[in-house]
There are 2 protein chains.
Amino acid sequence: MNYHLQPKSHKIAVLAEGSFGVLESKTATVLIRYLPDNIVAVIDSRNTGKDVSDIIDIGKGIPVVRNLSEAMQYDPTLLAIGIAPPGGELPPAWRSTIYEAIHSGLHIMSGLHHFLSEDVELVDLAEKHNVVLWDARKPPDNLPVATCLAADVDATVILTVGSDCRVGKMLSGIEITQAARKKSLNAEFCPTGQNGIMVWGWGIAIDAVISDFTAGAAEEIVLEGAKNHDLLIVEGQGSLVHPGYSGVTLSLLHGSMPDAMIFCHQPSRKQVARYTVPLPSLPDMIMQYEMLTNPIKPAKVIGVALNCFDLSERESYQAIDAVETETGLPATDVVKFGADKLVDAIQRL
Amino acid sequence: MNYHLQPKSHKIAVLAEGSFGVLESKTATVLIRYLPDNIVAVIDSRNTGKDVSDIIDIGKGIPVVRNLSEAMQYDPTLLAIGIAPPGGELPPAWRSTIYEAIHSGLHIMSGLHHFLSEDVELVDLAEKHNVVLWDARKPPDNLPVATCLAADVDATVILTVGSDCRVGKMLSGIEITQAARKKSLNAEFCPTGQNGIMVWGWGIAIDAVISDFTAGAAEEIVLEGAKNHDLLIVEGQGSLVHPGYSGVTLSLLHGSMPDAMIFCHQPSRKQVARYTVPLPSLPDMIMQYEMLTNPIKPAKVIGVALNCFDLSERESYQAIDAVETETGLPATDVVKFGADKLVDAIQRL
């Protein structure tokens with residue numbers, strides 16, 4: 001299990017140089033949404049002097065600063081890499097910022113494909129300064145092939161599934177978990193991707209696992225969460241109609257063995273992002289998920305989480321009504337209208 | 001692409017110490033079936049002095065010998081690891097045989113999880129003796145995320161799918177390819193697992209690929225095969241109802257983008273091997289595959305390959321008739337009765 005740093009115990013500077021914004025820096029945005037009390041500054045020289053909330057609507061009071069040395073006045077203990085580099089490699093300018101952070105005694109938290117903890121130069125430097133390089137995307141060694149162990153846990157397991165990447169499977173998972181806790185349910189969010197792991201402090205990035213063991217990783221996550229909780233909300237990944245990532249999605253479905261699913265969708269999305277694959281109807285997509293659970297452990301979709309970020313409030317309500325009519329399931333936008341409706345559906349199980 | 005050694009140009013000694021048999025040594029059996037002219041000896045001290053055909057029905061004339069030094073009298077140029085070690089690690093006894101083989105100037109071909117080419121000691125020794133350590137299971141670097149490129153190839157793409165692991169997806173793929181070639185079709189088998197790769201000399205073991213890139217690996221295999229061939233038979237993996245490997249199966253389905261599928265099944269198999277998951281009916285399993293292709297590139301199952309190894313000839317015919325009635329599709333056992341029926345179905349496309 002990937003458990004090395006507890007972000008909630010740190011003061012965090014977020015590196016988002018050159019691309020801080022709603023859509024450009026998903027990691028930074030997620031950290032600001034869920035760890036607002038821990039984020040002391042965001043680094044993006046293009047936006048120096050602004051308040052975070054001027055740019056992404058949330059994070060009021062968090063300053064955007066020019067560089068790490070400006071951020072140091074807020075006494076951070078950890079630097080989070082809040083953006084993904086073009087091409088997957090670490091740009092030289094970021095590398096020098098990471099050097100500087102390590103020299104200043106900051107731990108580094110990263111969700112990059114390029115593992116900092118396998119970068120000899122950085123590892124040497126980190127050892128010298130006694131700081132941790134935490135790669136949230138790096139899976140643990142010795143994961144098993146899944147063997148249906150997740151079916152045996154006492155906890156109720158809910159998996160967020162969806163129509164595509166980036167429709168809100170992580171966000172819905174966290175919002176449902178938090179709403180359930182407000183109702184005094186002993187709920188835990190089970191992260192399966194680097195952003196969720198960075199926010200929540202544990203989990204496995206299952207898309208970084210060798211495919212033989214991907215369902216096994218999902219199983220491990222459920223077993224871990226079930227040790228101390230009665231209700232697990234497992235973060236979904238990808239989609240069954242995604243040409244690149246559908247295998248990750250199915251591994252997660254069969255490895256986590258949910259008791260029920262929440263279907264996540266963005267009403268304005270008509271085809272798989274970056275592909276020319278049209279999305280099937282919601283009932284057809286829901287049926288695919290349910291049908292694939294049938295032979296192993298039958299589970300139903302019991303609610304729909306709609307991501308209406310690009311719709312007005314009136315349009316959002318219309319979209320929700322339309323989906324409730326089309327699917328016969330309770331629907332909501334968890335960010336705009338809260339997740340209680342979906343927690344209610346879970347409590348009716 | 002994994003292309004380092006051409007097994008067909010070698011004289012091969014197969015290591016199967018302690019477990020040579022029909023079910024115990026799948027790799028050894030497959031090598032003997034498809035490279036009979038290249039295999040000069042099988043090493044298994046339990047069966048010293050026997051003929052291979054005494055034990056597994058095929059491979060007449062190939063001797064079973066006590067150890068590598070006995071095998072050396074047949075002048076092998078390559079040692080193939082023909083068994084999988086218990087627990088995945090390399091047993092010390094095998095390690096010493098590999099040492100001895102390298103010292104004798106033999107190349108090593110392995111499908112083990114433990115990559116010989118990353119074993120410092122073996123790599124040093126291999127360099128000294130100028131031999132190749134070929135890990136058939138080791139995927140190439142820099143595989144892409146799948147982007148539907150396989151849809152654009154001119155070749156007709158057939159994927160063997162199935163009800164479970166070890167029901168004959170590789171065997172059917174090779175038999176169909178060979179039968180198609182006999183009919184002068186420009187056909188190529190596209191291996192996706194270590195045994196197929198060792199027999200055929202190229203391919204990618206997609207279950208060893210990080211799950212983000214598993215469909216991308218399948219795409220690469222199809223693009224490679226389509227360079228010089230009109231008909232590709234892609235080796236399937238796992239099953240959509242396999243709790244451990246279903247994600248690999250779906251990655252392969254969406255990455256290879258077949259024009260049609262051949263469904264492989266063992267009539268006597270009633271549940272997923274090593275699991276307590278009952279197999280759905282054949283029409284239900286076939287429907288799952290077809291439904292999952294629909295949103296991306298619709299493809300039908302056009303024939304059934306039955307593995308009747310444990311049935312009499314009469315029972316085999318009965319099983320084939322029953323499946324043809326149940327599914328409305330042509331069915332056969334490709335080992336017992338040839339693959340022409342399935343090639344005919346492909347030619348009707």
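Restricted to helices (runs of 4 or more DSSP H) entirely inside segment B:241-334, those with at least 2 residues that are within 8 Å of chain A (Cβ to nearest Cβ) and surrounded by 18 or more Cβ atoms within 10 Å (Cβ to Cβ) are B:246-256, B:282-293. Close Cβ contacts (under 8 Å, 6 or more residues apart or on different chains) running from residues in segment B:208-229 that are facing chain A (nearest Cβ under 7 Å) and surrounded by fewer than 24 Cβ atoms within 10 Å (Cβ to Cβ) to residues that are aliphatic (A, V, I, L, M) and in a helix (DSSP H, G or I) comprise B:I210/A:A208. When we screen A:I98, A:I56, A:I62 for residues that are touching a Leu at 6+ places or on another chain (Cβ under 9 Å) and of a type in the set (V, I, T), the only hit is A:I98. If only one of B:L31, B:L35, B:L106 is under 18 Å from the mean Cα position of the chain (by Cα), within 21 Å of B:K138 (Cα to Cα) and in contact (Cβ under 8 Å) with a residue 40 or more places away in the chain, which one is it? Just one listed residue meets the conditions, B:L31. Just so you know, in segment B:184-207 the residues that are part of a loop (DSSP other than H, G, I, E, B) and over 8 Å from the mean Cα position of the chain (by Cα) include one that is nearest to the other protein chains (Cβ to nearest Cβ), and it is B:A205.
Among the residues of segment B:107-164, just one is of a type in the set (F, W, Y) and either under 30 Å from B:A331 (Cα atoms) or more than 14 Å from every other protein chain (Cβ to nearest Cβ) (or both), namely B:W134.
Selection of first residues in segment B:329-349 that are at positive phi and of second residues that are small (G, A, S) and not in a loop (DSSP other than H, G, I, E, B), restricted to Cβ pairs under 7 Å at least 6 apart or on distinct chains, gives the following pairs, ordered by first then second residue: B:G338/B:A179. Against the list (1) more than 20 Å from B:R95 (Cβ to Cβ); (2) buried (at least 24 other Cβ atoms within 10 Å of the Cβ), the condition B:G61 fails is (2).
Here A:G173 does not qualify as crowded, with 24+ Cβ neighbours inside 10 Å, in contact with a strand residue (DSSP E or B) (Cβ under 7 Å, 6 or more places away or on another chain) and either within 13 Å of another protein chain (Cβ to nearest Cβ) or part of a loop (DSSP other than H, G, I, E, B) (or both).
No lab work stands behind these numbers, since they all come straight from the coordinates. Just so it is clear, the structure is predicted and the values come from calculations on it, not from any experiment. Backbone-built Cβ (ideal geometry, glycine too); neighbour counts: all protein chains shown.
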